[in-house]
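Below: the structure, in structure tokens.
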Amino acid sequence: MDLTELTARESVMTRRGALKWITLAVGAGVVGGCAPFATTGSSRRTRRLLAPIRATEDRVIRQVVGLRPFRRSGFLVRAEPQGEKLLIHNYGHGGGGVSLSWGTADLAAELALASPRREVAVIGCGVVGLSTARLLQDRGFGVTIYARDLPPNTTSNIAGAQWSPVTVVDADRVVPEFEAQFRRASRFAYRYFQTLVGARYGISWRENYSIATHAPAAGPGGSWEGAILREMLPRTVLSDEESPFRGFQVSRFLTMHIEPSIYLPAVLQDFRIAGGHVVIREFSDARSILAIAEPVIVNCTGLAAGALFADPDVLPIKGQLTVLAPQPEVDYITIGPGDLYMMPRQDGIVLGGTHERGEWSLEPNAAEAARILRGHQDLFATLVT
Ligand SMILES: Cc1cc2nc3c(=O)[nH]c(=O)nc-3n(C[C@H](O)[C@H](O)[C@H](O)COP(=O)(O)OP(=O)(O)OC[C@H]3O[C@@H](n4cnc5c(N)ncnc54)[C@H](O)[C@@H]3O)c2cc1C
């Protein structure tokens, strides 16, 4: 069931109506993760009753760490002619690389079209390299991807991944040119992902509950990016009667959820079907990248671009996740309080999060894992059931 439809139902459904609907839906085998609603107080406004997550130690199936490829002044999409060759950068997407991927791919493909040549090498096979390669194919280029790692061994596989391009730039480094690129890339990607919603790509619309101990609630709206994203991610502030969580300031917005373990192989398959080739190769420096045969080269090496192309602006923001056994009945995302978040995927319930700036270690930190689990136990103890 589409959540837009659910939200529309929400305003009119009474407890009796909800029970009747659930009975019908269960009978028809369509309930999946859809939850019932309860009317609150004397008003006709309703509170959605959410399926609780089971955040216990014995349900933890793995701990993972990823390094967000952050660039202080925001992602770099720029063409640099190098003699006979055209080098195009597309890296440094921080905590929003999945969300922005089709958008910066579109910016990079536009730069590639300035070359009369139609053979391109894309360096990197994370979400940014894959979407860049696919849009270049759609614009008539023959594309070879060169990469050290393929999915599932990329940072892109660690991402949550909610469509919400945040943590992509330091607010004091934003310049008008970047703001224009960010706005264009966000809009393009938001629309492009909508064409991919469904089981094949592992993308679904989900309600997101932003949870804070005091107003305003966390999530798109408070950050630099949030000011631009409000048009795509409008929020509804919930009253105490409507909120599924007791004792917090809660707002809700709708966005897409992209499951990397389904999505990345599907896009890689599309790339191959469209005639693309993949070469496994690790490059030690920029010179070895520029020595490859193709006349147009797009650099999508993420965090590694900092060292490869001597860009001091690039640094990691470590993110650690605790993954619980899957619960198909959980069909919503929570963000907060603080930096906690929960995203339900087919390969597990993902609990975040951490944002350790400048930290290169890929080792999970036991204290952080305990904090993430405890934080979610405390949050879900306040869930209205
Ligand atoms: C915990 C966590 C949660 C996140 N949540 C979200 C989210 O909810 N939404 C969202 O939009 N984003 C999220 N992100 C951010 C997102 O994961 C990144 O922005 C994105 O994955 C960056 O993609 P990329 O393709 O640039 O890099 P990568 O996925 O790292 O891919 C880089 C590619 O370059 C290749 N490469 C690197 N160096 C070399 C070399 N020397 N030679 C050859 N190949 C090389 C690699 O092998 C790889 O194929 C999250 C990140 C983390 C860590």
Can you list the HN-Hα couplings for the range 226-234, worked out from phi with the Karplus curve (6.51, -1.76, 1.60; θ = phi - 60°), rounded to whole Hz and with x for Gly and Pro?
x, 4, 7, 7, 4, 5, 8, 10, x
Long-range amide H partners of residue 207 with built H, under 5 Å:
333
Spin-label model distance (nm) - residue 339 vs residue 355, 7 Å beyond Cα toward Cβ
0.7
Need one number: % antiparallel among DSSP beta bridges in the chain, to the nearest 5.
70
³J(HN,Hα) across the range 345-350 via Karplus (A = 6.51, B = -1.76, C = 1.60, θ = phi - 60°), whole Hz, x for Gly/Pro?
10, 5, 9, x, 8, 8
Could you state the principal axis extents of the C-alpha atoms in the range 283-385, from the largest down, to the nearest angstrom?
61, 27, 19
On full extension of the chain, what length is gained from residue 180 through residue 54, given 0.36 nm per residue of separation minus the C-alpha to C-alpha distance?
41.1 nm
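Full extension from residue 285 to residue 227: what is 0.36 nm times the residue separation minus their Cα-Cα distance, to one decimal in nm? Don't skip to the end; give the middle numbers.
Details: separation 58, 0.36 × 58 = 20.88 nm, distance 3.78 nm.
Extending this stretch completely gives an extra 17.1 nm.
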Sequence-distant residues sharing a close amide H with residue 91 (under 5 Å, placed H):
76
Restricting things to alpha carbons, find the Rg to Rh ratio for the range 51-137 using the Kirkwood radius for Rh.
1.17
Amide H proximity to residue 68 below 5 Å, modelled H, separation 5+ or other chain, gives 317, 318, 319
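Can you order the peptides 86-98, 135-147, 52-64 by their average number of other Cβ atoms within 10 Å per residue, highest first?
Most protected by this proxy first, the peptides run 86-98, 135-147, 52-64.
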Dividing the alpha-carbon Rg of the chain by 2.2 N^0.38 Å yields what?
1.02
Round to the nearest 0.05 the FRET efficiency obtained for residue 327 and residue 149 when R0 = 25 Å and r is the Cβ-Cβ distance.
0.25
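Which FRET efficiency value, to the nearest 0.05, is calculated for residue 273 and residue 214 with the Förster distance at 41 angstrom and r the Cβ-Cβ distance? Working shown, then result.
Details: r = 50 Å, r/R0 = 1.23.
Once the sixth-power term is evaluated, E becomes 0.20.
Based on the alpha-carbon gyration tensor of the range 90-184 and its eigenvalue square roots a ≥ b ≥ c, which shape applies: rounded if a/c is under 1.5, prolate if not and a/b is larger than b/c, or oblate?
Oblate shape, in that a/c is at least 1.5 and b/c is the bigger or equal ratio.
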Can you work out the FRET efficiency for the pair residue 307 and residue 378, with r the C-beta to C-beta distance and R0 = 45 Å, to the nearest 0.05?
0.65
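We did not get these values from a lab; they are worked out from the coordinates using the rules stated. Source: prediction; values computed, not measured. Virtual Cβ from ideal backbone geometry, glycine too; neighbours counted across all protein chains shown.
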